[in-house]
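The values are calculated or read from the model by the stated rules, or taken from the named source; none is laboratory data. Every value quoted in this text rests on a predicted model; they were computed, and no experiment measured them. Positions of Cβ are backbone-derived with ideal geometry, glycine not excepted, and every protein chain shown enters the neighbour counts.
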Amino acid sequence: MYSLQTSVASRQSVPSSRRTPGSWIPAFAGMTYRRYTGTMASPTKFIALNRKARFEYELERTLEAGIELEGGEVKSIKAGEISLNESFVTIKDGEVWLTNAHVKPYQPAQGFEQDPTRPRKLLLKKAEISKLVGENKAHRRTMVPTKVYLKNGRVKVEIAVARGKQQHDKRASVKKREQEREAQAAMKQARNS
């Protein structure tokens, strides 16, 4: 969050595009000025999670990407009508694509329907794309979407660079999760008695 300090002394106002912590902004009608002491936290709203990806893959690092959408897809996604199950990320001709993600058609936009599982372009910088290509070729890594969320009103996709788990790794993660649940239940029971 940000905090503001007020001052009656006349200060030179800084335009919002060049505002940094410590600069002065007008409070109201030029009467007083307030010192801008930080940045606003960006509000995020999670829309969809890919829980299966955490079970099937060992996630190494994550990236945030924008997504190119058409028509009513934005409204449909904001309403939570997206599924990341069975979806994956591919690289074709130097572009990153989200494949097989299901976006339910937006009902009020009846005349402009599209394929719900069509490939959608992900928006990344060239340096990030080249790094993904290098990891994909050199280390045989998979890229999977893990989350879809809104950040400042824009739809974002979190991509994870991952390594596939083998069967014994999956069993170990299930066993660990069950032990943690049992320990929490025992602690809760001890607190209540």
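The figures follow:
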read-out: Residues that are within 30 Å of Ile67 (Cα to Cα) and among the hydrophobic types (A, V, I, L, M, F, W, C), drawn from the stretch 138-193; value: Ala138, Met143, Val144, Val148, Leu150, Val155, Val157, Ile159, Ala160, Val161, Ala162
read-out: Unique residue being surrounded by 12 or more Cβ atoms within 10 Å (Cβ to Cβ) and basic (Lys, Arg) when the list is Lys176, Lys137, Lys151; value: Lys151
read-out: Qualifying residue in the stretch 141-159 (condition: over 23 Å from Arg51 (Cα atoms) and assigned to a helix (DSSP H, G or I)); value: no
read-out: Count of the stretch 45-62 residues which are surrounded by fewer than 16 Cβ atoms within 10 Å (Cβ to Cβ) and of a type in the set (Val, Ile, Thr); value: 1
read-out: Options Glu135, Glu158; residue that is of a type outside the set (Gly, Ala, Ser), at pLDDT below 90, at negative phi and in the same structural domain as Ser83 (by TED's automatic domain parsing); value: Glu135
read-out: Pair list, Cβ under 6 Å, 6 or more apart: the stretch 105-125 residue among the aromatic types (Phe, Trp, Tyr), other residue at pLDDT 80 or above and exposed (fewer than 15 other Cβ atoms within 10 Å of the Cβ); value: Tyr106/Lys75
read-out: Search result, residues across the stretch 155-173 that are surrounded by fewer than 12 Cβ atoms within 10 Å (Cβ to Cβ) and among the charged types (D, E, K, R); value: Arg171
read-out: Single condition Ser87 does not satisfy, out of (1) modelled with pLDDT of 90 or more; (2) of a type in the set (Gly, Ala, Ser); (3) farther than 14 Å from Ala48 by Cβ; value: (3)
read-out: Scan of the stretch 68-127 for residues that are assigned to a helix (DSSP H, G or I) and surrounded by 14 or more Cβ atoms within 10 Å (Cβ to Cβ), ordered by number; value: Glu73, Val74, Lys75, Ser76, Ile77, Lys78
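One line per residue, one yes/no per condition, for (1) closer than 23 Å to Arg140 by Cβ; (2) under 17 Å from the mean Cα position of the chain (by Cα); (3) of a type in the set (Phe, Trp, Tyr):
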| position | (1), (2), (3) |
| --- | --- |
| Arg61 | yes, yes, no |
| Gly66 | no, yes, no |
| Gly72 | no, no, no |
| Ile77 | no, yes, no |
| Leu84 | yes, yes, no |
| Val89 | yes, yes, no |
